[in-house]
Amino acid sequence: QCVLSGSWRSDSGCRMVVSILSKDSSFTGSYLPGPADGDPDILTSPLEGSQQDAGLVPNPTFSFTVRWQFRARTTAFLGQCYVGTNGEETLHTVWLLREAADSPADDWKATR
């Protein structure tokens, strides 16, 4: 069964800690980007999201947002949790990063 609660590390070294899922499958936690190691200006940022009921499907989908503490930006993650034949849980995600734009003319370059 794939449950997001716990600690996760990405291939790029980002770290995420997810609280215990609530009864409505929502969660909160914290996120620290990988390149932050040793940089005192990079702070752990809060995250919140929800997971599809893992009792309904073996590989549930999930989404969460990170509200960055150190810059005017938000990242939305969308993904699915998979359980391998060895029982190891793996998350596959896509993400969008939105930075604050100075004006509507700069809007085009604010999302990656």
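The values are calculated or read from the model by the stated rules, or taken from the named source; none is laboratory data. Since we're looking at a predicted model, the values are computed, not measured. Here the Cβ is made from the backbone with ideal geometry for all residues, glycine too, and neighbour counts use every protein chain on show. To get the accessible areas, we keep the full protein, side chains included, count just its heavy atoms, and leave off ligands, DNA and RNA. Shrake-Rupley method; radii C 1.70, N 1.55, O 1.52, S 1.80 Å.
Using a simple spin-label model with pseudo-atoms 7 Å out from Cα toward Cβ, residue 108 and residue 48 lie 3.5 nm apart.
Across every direction, the projection of the convex hull enclosing the Cα atoms of the chain has a mean area of 8.2 nm².
Residues of the range 45-79 falling in the label zone of residue 7, defined by backbone nitrogen less than 17 Å from a point 7 Å along Cα to beta-carbon, are 45. For the chain, 14 have no disulfide-compatible partner, since no other Cys C-beta lies under 4.7 Å from theirs. For the residues 89, 48, a 1.4 Å probe over the protein chains yields an accessible-area ranking, largest first, of 48, 89. Computed with a 1.4 Å probe over protein heavy atoms only, the accessible area of residue 74 comes to about 60 Å².
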